[in-house]
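Below is one structure, written out as structure tokens; the observations come after it.
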Amino acid sequence: MAHLEAQREIPYNLFKAKTPLWGEVLETYRLTPPERPEENDVRHVVLSSTGLSYLPGQSVGIVPDGYDPRTGKPHKLRLYSVASDSKGDYGDYKTVSVVVVRHFWNDELGGQNRVPGVCSKFLCDCEVGEKVRITGPVGKRFLLPTDYQQRDLIFVATGTGIAPFRGMLKQMFEEGYEGQVFLIFGVQHSDTVLYDDEFKTYLKYPNYHYATALSREAAKNPFPDIVPTRQNKIYVQVRVWELRDELRASLAKPDTVIFQCGLKGMETGVMNVIDKIGLDLGIDNLSKELQTDGRMILEVY
Ligand SMILES: Cc1cc2nc3c(=O)[nH]c(=O)nc-3n(C[C@H](O)[C@H](O)[C@H](O)COP(=O)(O)OP(=O)(O)OC[C@H]3O[C@@H](n4cnc5c(N)ncnc54)[C@H](O)[C@@H]3O)c2cc1C
């Protein structure tokens, strides 16, 4: 990884849980159609954050209001990847944006189903004008290399794992990026592709390649023998295989970097298919080689 890192200042932990930055909700809107169930409620939230510098790929902490009934203490912070570039959505370095999915879980012991997650509910329910405690930023790994301009980059995201790539792509194209970049994005339905319109605007750049993998639409995995998936669903690894010719050309270069962000469990399927592409390049265990070299960077949660 060291070779990816020329000298630069990485902002880190400027605000801590005991001394947070109080931000204000400036904008909040649902990114998915209202007719989709609550599990598909994903919101874009813009918070005022004067004094907080950050890089796309970092995360901020959000401290939800209230107390944890299990401990009687204030709720602990939860991390959310920054979804804006360093300038923020308004371009004035005074905001930070996050993308939040409403989380539910089943309490087997208490016998309660669909218990709302504390912080995702807090953030999704926040209205414009409400004050929110922000901490961080944190994260020093999941960052564009300082010399990214000519490198090929492969971004693989599922769900809210798209957040860091939104900021990175904005920065890259504003700065005249010259490599080949692939964005492969997995969600359930065609109408729950987060920021789809925005990602399509970059198609005017010939070095930008965008593919979505829709796991709950009618289409099935056309390569079940080579890239097996549960119930032949179309997951991101299927799209990786579909793009194998272009990706092979990028992976043959010694400085290409793959970033993966999103659901825990996505990495195995993607690594397996990268290994298959590696075999065509005469490389055994390409995914391991990329990891050892710091060129396969993961953020899963
Ligand atoms: C680096 C990083 C980046 C992230 N980025 C994003 C992002 O961009 N967008 C996003 O939406 N999320 C993101 N997350 C996930 C986020 O931090 C939260 O974990 C998520 O929103 C759920 O938090 P919650 O407070 O809503 O749920 P919680 O209330 O914390 O519940 C989470 C889980 O804790 C367990 N649990 C909770 N209460 C109990 C209890 N009483 N007894 C037993 N078990 C319990 C359950 O298993 C439940 O599923 C990120 C996480 C990490 C680590």
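Coordinate-derived values only; no laboratory data. What you are looking at is a predicted structure, and each value in this text was computed from that prediction instead of being measured. Neighbour counts are summed over all protein chains in view; Cβ atoms, including those assigned to glycine, are modelled from backbone coordinates with ideal geometry.
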Query raised in the report: If you put +1 on each Lys and Arg Cβ and -1 on each Asp and Glu Cβ, how big is the dipole of segment 131-245 around its Cα centre, in Debye rounded to 20?
Result: 560
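Apply the a/c threshold of 1.5 to the C-alpha gyration tensor of segment 148-300 and tell me whether it is rounded, prolate or oblate. Show your work: numbers first, answer last.
Details: a/c = 1.61, a/b = 1.04, b/c = 1.55.
Judged from the Cα gyration tensor, segment 148-300 comes out oblate (a/c at least 1.5, b/c at or above a/b).
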Query raised in the report: Cα-Cα over 30 Å: which of Lys200/Lys288; Lys170/Lys264; Lys204/Lys288; Lys200/Lys220; Lys18/Lys200; Lys87/Lys276?
Result: Lys200/Lys288; Lys204/Lys288; Lys18/Lys200; Lys87/Lys276
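Antiparallel versus total DSSP beta bridges in segment 46-154: what percent is that, nearest 5?
DSSP beta bridges in segment 46-154 are roughly 95 percent antiparallel.
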Requested in this report: With an 8 Å cut-off on Cα pairs and a minimum separation of 6 or more residues, tell me the relative contact order of the chain in percent.
Outcome: 18
Query raised in the report: Sequence-distant or interchain residues sharing an amide H contact under 5 Å with Ile258, placed H: which?
Result: Ile154, Met296, Ile297
Requested in this report: Order the peptides 17-29, 159-171 from the highest to the lowest mean number of other Cβ atoms within 10 Å of their residues.
Outcome: 159-171, 17-29
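How large is the charge dipole for segment 183-301, taken about the Cα centre, if only the Cβ atoms of Lys, Arg (+1) and Asp, Glu (-1) carry charge, to the nearest 20 debye? Intermediate results must be reported in sequence, preceding the final value.
Numbers: 14 positive and 17 negative charges, 44 e Å.
Dipole of segment 183-301, to the nearest 20 debye: 220 debye.
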Query raised in the report: Which of the lysines could a cross-linker span from Lys121 if the Cα-Cα distance has to be under 16 Å and same-chain partners fewer than 8 positions apart are dropped?
Result: Lys76, Lys131
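What relative contact order, as a whole-number percentage, does segment 148-300 give when Cα pairs under 8 Å and 6 or more residues apart are counted?
On the way: 238 pairs, mean separation 39.1, N = 153.
Relative contact order comes out at 26 percent.
List the trypsin sites (Lys or Arg not before Pro) in segment 228-269 that DSSP assigns to loop (not H, G, I, E or B) and whose Cβ has at most 12 other Cβ atoms within 10 Å. Which are they? Can you show the working numbers first?
Numbers: sites: Arg230, Lys233, Arg239, Arg244, Arg248, Lys264; in loops: Lys233, Lys264.
Sparse-neighbourhood loop trypsin sites (Lys or Arg not before Pro): Lys264.
Hey, what did segment 2-138 get for relative contact order, percent, Cα under 8 Å, at least 6 apart?
Working: 289 pairs, mean separation 47.3, N = 137.
After rounding, I find 35 percent.
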Requested in this report: Count neighbours as other Cβ atoms within 10 Å of each site's Cβ, and list the GluC sites (Glu not before Pro) in segment 76-176 that are DSSP loop with at most 16 such neighbours.
Outcome: Glu108, Glu127, Glu130, Glu175
Query raised in the report: Could you name the aspartates and glutamates in cross-link range of Lys253, using Cα to Cα under 19 Å and dropping any fewer than eight places away on the same chain?
Result: Glu5, Asp147, Asp152, Glu178, Asp245, Asp275, Asp280, Asp284, Glu289, Asp293
Report task. Let me know the charge dipole size of the chain about its Cα centre in debye, to the nearest 20, where only the beta-carbon of Lys, Arg (+1) and Asp, Glu (-1) is charged. Result -> 720
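Write down the percent of antiparallel bridges among all DSSP beta bridges whose residues are both part of the chain, to the nearest 5. All intermediate terms of the calculation are to be shown ahead of the outcome.
Values: 31 of 55 bridges.
The antiparallel fraction comes to roughly 55 percent.
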